[in-house]
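Chemist: I'd like to ask you about the structure that follows.
The values are calculated or read from the model by the stated rules, or taken from the named source; none is laboratory data. Remember, predicted model here, so these are calculated numbers, not experimental data. Cβ placement follows ideal geometry from the backbone for every residue including glycine, while neighbour counts extend to all protein chains displayed. The protein model used for the area step is the full one, side chains on, heavy atoms only, and it has no ligands, DNA or RNA in it. Shrake-Rupley method; radii C 1.70, N 1.55, O 1.52, S 1.80 Å.
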Amino acid sequence: LVRERWRRATGERLHPPPPSADDAWPPMLEPDVKDVDVAIARTQPNYKRYREIREVEALYLDAIAAARKHIYIENQYFTSKVVGEALAARLQEEDGPEVFLVLPLKRFGWLEEHTMGLLRSRLVRKLRREDRYNRLRVFYPYIEGLKKGCENIHAKVLVVDEKLARVGSANLNNRSMGLDTECDLAVESGGDPRVERAIA
């Protein structure tokens, strides 16, 4: 995927690296889980001869629909109408999951605050209105003594129950659902207790 995107952007074809017996994983880091399948979810706009791909959006919607206990989202932006509607529907269910959102307190810069910040505020207010059973929690990081008091968030993380963990480049905004090229990686437990522990 990386080589293909490089070719599209530059016209240069990169060859795969030669096989190696060396493990590229840093030896000082202990992985949380090994020997698992990793799914790739992409967004690609319809451009020239390349067809539109909306796997990022589909995986968000499927994961939100599948949640039983909790949905944890940490994201730089939170303005996607379709994702907001999916979360609102789950919050209206009597036995729906808890929803935890970790977002930046404010957007940085006048333009971002008056565009993305405004859209995010509207979406969070909508979710609060739809939260019939008091299962929505919205957090932001705060560091005492830090200029302006809040830390920016650049993460794009989704965890559903102990069943799915996902991280990647996609923000929860309309651009990442269909206009930009994005790539997220996801691990699903498939009922494997060791993978569930790692996700938890």
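Chemist: In the range 57-106, what count of residues is obtained for those that are small (Gly, Ala, Ser), within 13 Å of the chain's Cα centre (by Cα) and not in a helix (DSSP H, G or I)?
Modeler: Of the residues in that region, 1 qualify.
Chemist: What are the residues in the range 77-103 that are surrounded by 18 or more Cβ atoms within 10 Å (Cβ to Cβ) and either touching a residue at least 60 places away in the same chain (Cβ under 8 Å) or in contact with a Pro (Cβ under 8 Å, 6 or more places away or on another chain) (or both), if any?
Modeler: Hits for the range 77-103 are Tyr77, Phe78, Thr79, Ser80, Val83, Arg90, Pro97.
Chemist: Next question, about the same structure. Which residue pairs have Cβ atoms closer than 7 Å, lie 6 or more positions apart in sequence or on different chains, and pair a first residue in the range 38-50 that is open to solvent by less than 90 Å² (accessible area, probe 1.4 Å) with a second residue that is modelled with pLDDT under 90 and in a strand (DSSP E or B)?
Modeler: Cβ pairs passing all conditions: Gln44/Tyr50.
Chemist: Here's a follow-up. Quick check, is Leu185 closer than 16 Å to Ala41 by Cα, open to solvent by less than 40 Å² (accessible area, probe 1.4 Å) and within 18 Å of the chain's Cα centre (by Cα)?
Modeler: no
Chemist: Return only the number of the condition from (1) open to solvent by less than 80 Å² (accessible area, probe 1.4 Å); (2) touching a Lys or Arg at 6+ places or on another chain (Cβ under 9 Å); (3) basic (Lys, Arg) that Lys163 does not satisfy.
Modeler: Of the numbered conditions (1) open to solvent by less than 80 Å² (accessible area, probe 1.4 Å); (2) touching a Lys or Arg at 6+ places or on another chain (Cβ under 9 Å); (3) basic (Lys, Arg), the odd one out for Lys163 is (1).
Chemist: Here is a list: Tyr133, Tyr60. Which entry is modelled with pLDDT of 90 or more and more than 19 Å from Val159 (Cβ to Cβ)?
Modeler: Answer to the check: Tyr133.
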